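S.K.: Below is the structure I would like to discuss, written out as structure tokens.
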There are 2 protein chains.
Amino acid sequence: VSAPFRHVAIVGAGLVGGSIALAVRRASPAVRITVVDRPDVAEAALARRAADDVALSAEEVRGVELVVLATPIQTIVDALTTGHFAPGSIVTDVGSTKRRILAAANEADIPAFVGGHPMAGRERGGFAEASADLFDGRRWFLVAGDRTARTATERVAAFVESLGAVPHEVGAEVHDRTMAYVSHLPQIVASLLMRRVEVEVGTPGLASAGRGLDDTTRLASSPTGIWQGILESNADFVAEAVAALSEDLGALGHRLDEADEVARAFDAGRLARDRWLATRSAR
Amino acid sequence: VSAPFRHVAIVGAGLVGGSIALAVRRASPAVRITVVDRPDVAEAALARRAADDVALSAEEVRGVELVVLATPIQTIVDALTTGHFAPGSIVTDVGSTKRRILAAANEADIPAFVGGHPMAGRERGGFAEASADLFDGRRWFLVAGDRTARTATERVAAFVESLGAVPHEVGAEVHDRTMAYVSHLPQIVASLLMRRVEVEVGTPGLASAGRGLDDTTRLASSPTGIWQGILESNADFVAEAVAALSEDLGALGHRLDEADEVARAFDAGRLARDRWLATRSAR
């Protein structure tokens, strides 16, 4: 099969952008890859053969067929608002929330914009952590803009499939609300739980903690930087999710000595998890 | 070295009681082990050589030097309140909270009671999951009663060391408050988070969830049965912990669009986790 695009520009070669470059190279060695990033990152990408050439901005890359914006959310929005993309090129992104980015693309009237969000990450970011197999078997959300041609979405879907991912079309609202619960809420819970436990019991108390706290707070090790933009651009849905869990906690906190109430809550959690794990293993 | 006790009775051969029996056998093959449990469990213990003999109650075991109460918390309390232990025998337990159990032992005037709590568990319970190495390197809290002789505590400490554990003396209040934060709060968070996420996004939304939600909700798979007694007997401290986290969530939920506030919370969580992991790896 021929590659969906013969020349790809990747703006931001961090964990995700760098992994896209490496996965493009793995799938289609002849595709030309231009990386747009700081000189040290661009240098590292060239050294690992994740880039054929580098540029200072996507606008100066001639003949590019696909531009992948792989920077923090606000930088993606700024690029869509102020950028001039080569006529005929398709533009996509990898931002973790989609409403604000789609709004910017629609506003800027970028005809061939297809929003994207790969469900893949690591505890650490940066090009040094990038790898060609980051997306293998992972879901990759695609969100079409108001005026996006069907063929553009289909080509981006073929592109993410070539990286090993499973494309999944969705609307921006559903995407962002779902992420508020399955991703952003667990992240906030992990960070706030870890902070609260240390405040209350300190180092001596933590010396008594085991695998349970370790699992429940693992996400607290995530880098802070990307989360500010994610939460700010999804604040309404995340606030709804956070308030719901806060109320759940408050409600159970007053009924801890009611065995039936505790059993109801715990059974519901365990059965929900069993159902979830069953659907995962069935895939 | 000689075994701290030559004849041990274990009341309740579930995951913890059964593992104690197997660990006693591993450490000192000549120690006599009497198991008190339902006939089918007792049979399984005999078959795995975790028991030399079985009994219907601890009271009918003659010449026993150590009685280990390894049942749910309320059953431990009942045994301490109504039981008659052989004169000269030391009594210990493995309950996950300690104030109520120590109060019952003090009230019943059991002179040689030493409360215990091994920090070891599995996602599943029952004798079938028991293993001799469950306690290797794990902390085992010991809480002396009001009139417990020092020698009794020292003998129980030697006993848990012989099982591979690290004895750690503590007061019942400090123990229970610490557990409220490092163990009971994460458990509640995991269960309520899993339930809430399923309610809000259902199976289609959960199909988009990844390792983050998986880690954060792993504890939701714990069996409900033991948790009713744990939370009920520690309701005051757990309610305090739950309310604190509920307030943390409520506070951040209103400030998701303030990047500095998000950074403060996330940095605090990450640094707290880094400090905790550093002390663990230094041990």
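S.K.: For chain B, with all protein chains present and a 1.4 Å probe, just round the carbon and sulfur fraction of the accessible area to a whole percent.
M.R.: Solvent-exposed carbon and sulfur of chain B make up 53 percent of the total.
S.K.: May I ask you to rank A:166, A:201 by accessible area, largest first, using a 1.4 Å probe over the protein chains only?
M.R.: If we order A:166, A:201 from most to least accessible, we get A:166, A:201.
S.K.: Largest first and in whole Å, what are the equivalent-ellipsoid semi-axes of region A:1-145 based on the Cα gyration tensor, each being the root of 5 times an eigenvalue?
M.R.: So the three semi-axes of region A:1-145 are 21, 17, 15 Å.
S.K.: If you don't mind, another one. Mind giving me the nanometre distance, one decimal, between the label points for residue A:263 and residue B:211, set 7 Å out from Cα along Cα→Cβ?
M.R.: Computed distance between label sites residue A:263 and residue B:211 equals 3.8 nm.
S.K.: Counting only heavy atoms of protein chains, what accessible area per residue, in Å², does region B:25-163 have with a probe of 1.4 Å?
M.R.: Using a 1.4 Å probe on heavy atoms only, each residue of region B:25-163 averages 47 Å².
S.K.: Which three extents, in whole angstrom, do the alpha-carbon atoms of region B:214-256 cover along their principal axes, largest first?
M.R.: 38, 29, 9
S.K.: Mind jotting down the distance between the C-alpha centroids of region A:186-257 and region B:115-143, whole Å?
M.R.: Between the Cα centres of region B:115-143 and region A:186-257 lies a distance of 27 Å.
S.K.: Also: For B:237, A:135, give me the order by solvent-accessible area with a 1.4 Å probe, most accessible first, ignoring ligands, DNA and RNA.
M.R.: Ranked list, largest accessible area first: B:237, A:135.
S.K.: Placing +1 at every Lys and Arg Cβ and -1 at every Asp and Glu Cβ, with all other atoms neutral, what dipole size does the protein assembly as shown have around its Cα centre, in debye to the nearest 20?
M.R.: With Lys and Arg at +1 and Asp and Glu at -1, about 1660 debye.
S.K.: May I pose another question? Based on the Kirkwood radius over alpha-carbon pairs, what is the Stokes-Einstein translational diffusion coefficient of the protein assembly as shown at 20 °C with 1.002 mPa s viscosity, in µm²/s?
M.R.: 82 µm²/s
S.K.: Okay, next question. Between B and A, buried accessible area summed over both sides at probe 1.4 Å, in Å² to the nearest 100?
M.R.: Counting protein atoms only, the buried area is about 7500 Å².
S.K.: May I ask for the Rg/Rh ratio of region B:143-246, computed from Cα atoms with Rh as the Kirkwood radius, given to two decimals?
M.R.: Value, to two decimals: 1.13.
S.K.: Inside 10 Å of the C-beta atoms of A:233-239, what's the mean count of C-beta atoms belonging to other chains?
M.R.: Partner-chain Cβ atoms within 10 Å, mean over residues of A:233-239: 4.
S.K.: Scan chain A and note any complete DSSP helix (H) whose C-alpha atoms cover at least 24 Å along its axis and whose Kyte-Doolittle average is 0.0 or more.
M.R.: A:185-206, A:235-253
S.K.: Please give the contour-minus-distance gain from residue A:255 to residue A:74: 0.36 nm per residue of separation, less the Cα-Cα distance, rounded to one decimal in nm.
M.R.: Extra length from residue A:255 to residue A:74 when fully extended: 60.8 nm.
S.K.: So what is the 222 nm mean residue ellipticity for chain A from helices alone, if each DSSP H run of at least 4 adds -39500 (n - 2.57) and you divide by all residues, rounding to the nearest 500 deg cm²/dmol?
M.R.: Helices in chain A give a 222 nm mean residue ellipticity of -16000 deg cm²/dmol.
S.K.: Sticking with this structure for a sec: In the protein assembly as shown, with Lys and Arg counted as +1 and Asp and Glu as -1 at Cβ, which of these residues, A:101, A:91, B:36, has the Cα nearest the positive end of the dipole, that is, farthest along it?
M.R.: B:36
S.K.: Please list, by residue number, everything in region B:1-22 whose backbone N is under 15 Å from a paramagnetic label point 7 Å out along Cα→Cβ of residue B:52.
M.R.: B:3-10, B:21-22
S.K.: Further question on the same structure: When the scattering of chain B is computed by the Debye formula from its Cα atoms alone, each counted once and equally, what is log10 I(q)/I(0) at q = 0.07, 0.16 Å⁻¹?
M.R.: -0.31, -1.26
S.K.: Ok, one more. Using label points projected 7 Å from each Cα along Cα→Cβ, tell me how many nm separate residue A:82 and residue B:169, to one decimal.
M.R.: Spacing of the two 7 Å Cα→Cβ label points: 6.8 nm.
S.K.: With every protein chain kept in the model, how would you rank A:25, A:275, A:280, A:255 by accessible area, 1.4 Å probe, largest at the top?
M.R.: A:275, A:255, A:280, A:25
S.K.: May I ask for the net charge around residue B:271, where only other residues with Cβ less than 13 Å from the Cβ of residue B:271 are counted and Lys, Arg are +1 while Asp, Glu are -1?
M.R.: After counting each charged neighbour, the total is +2.
S.K.: Separate question: Once you compute Rg and the Kirkwood Rh from C-alpha atoms, what is the Rg to Rh ratio for region A:69-223?
M.R.: Expressed as Rg/Rh, it is 1.07.
S.K.: State the Cα centre-to-centre distance between region B:1-62 and region A:47-79 in whole Å.
M.R.: Using only Cα atoms to place each centre, the spacing works out to 68 Å.
S.K.: Stokes-Einstein at 4 °C, 1.567 mPa s, Kirkwood radius from Cα pairs: D for region A:50-96 in µm² s⁻¹?
M.R.: In µm²/s, the coefficient rounds to 114.
S.K.: Could you please report the charge total around residue A:29, scoring K, R as +1 and D, E as -1 over all other residues with beta-carbon less than 13 angstrom from its beta-carbon?
M.R.: Summing Lys and Arg as +1 and Asp and Glu as -1 gives +4.
S.K.: Please tell me the relative contact order of region B:1-116 in percent, rounded to the nearest whole number, where contacts are Cα pairs under 8 Å and at least six residues apart.
M.R.: Relative contact order here is 24 percent.
S.K.: With all pairs of different alpha carbon atoms counted, what Kirkwood hydrodynamic radius in Å does region A:10-54 show?
M.R.: The Cα-based Kirkwood calculation yields 9.9 Å.
S.K.: While we're on this one: Quick one: 3J(HN,Hα) in Hz for region B:3-8, Karplus 6.51/-1.76/1.60 with θ = phi - 60°, rounded, Gly and Pro as x.
M.R.: Each residue's phi maps through the Karplus curve to give 5, x, 9, 8, 9, 10 Hz.
S.K.: Have a look at region A:208-283 and give its Rg and Dmax from the Cα atoms, expressed in angstrom.
M.R.: 16.2, 42
S.K.: For chain A, with only Lys/Arg (+1) and Asp/Glu (-1) charged at the beta-carbon, what is the dipole magnitude about the Cα centre, in debye rounded to 20?
M.R.: With only Lys, Arg, Asp and Glu charged at Cβ, the dipole is about 880 debye.
S.K.: Here's another thing I want to ask about it. Classify region A:136-184: rounded, prolate or oblate, from the alpha-carbon gyration tensor (a ≥ b ≥ c, eigenvalue square roots; a/c under 1.5 rounded; otherwise prolate if a/b is larger than b/c)?
M.R.: Judged from the Cα gyration tensor, region A:136-184 comes out oblate (a/c at least 1.5, b/c at or above a/b).
S.K.: Now for a separate question. Please compute the per residue accessible area over region A:197-268 with all protein chains in place, 1.4 Å probe, rounded to a whole number of Å².
M.R.: Result: 37 Å² of accessible area for each residue.
S.K.: Once a ≥ b ≥ c are taken as the square roots of the eigenvalues of the Cα gyration tensor of region A:35-77, is the result rounded (a/c under 1.5), prolate (a/b larger than b/c) or oblate (a/b not larger than b/c)?
M.R.: Since a/c reaches 1.5 but b/c is at least a/b, the shape of region A:35-77 is classed as oblate.
The values are calculated or read from the model by the stated rules, or taken from the named source; none is laboratory data. In this text the structure is predicted, and so the values were computed from the model without any measurement. Positions of Cβ are generated from backbone atoms using ideal geometry, with glycine treated the same way; all protein chains shown enter the neighbour counts. With ligands, DNA and RNA removed, areas are computed over all heavy atoms of the protein, side chains included. Shrake-Rupley method; radii C 1.70, N 1.55, O 1.52, S 1.80 Å.
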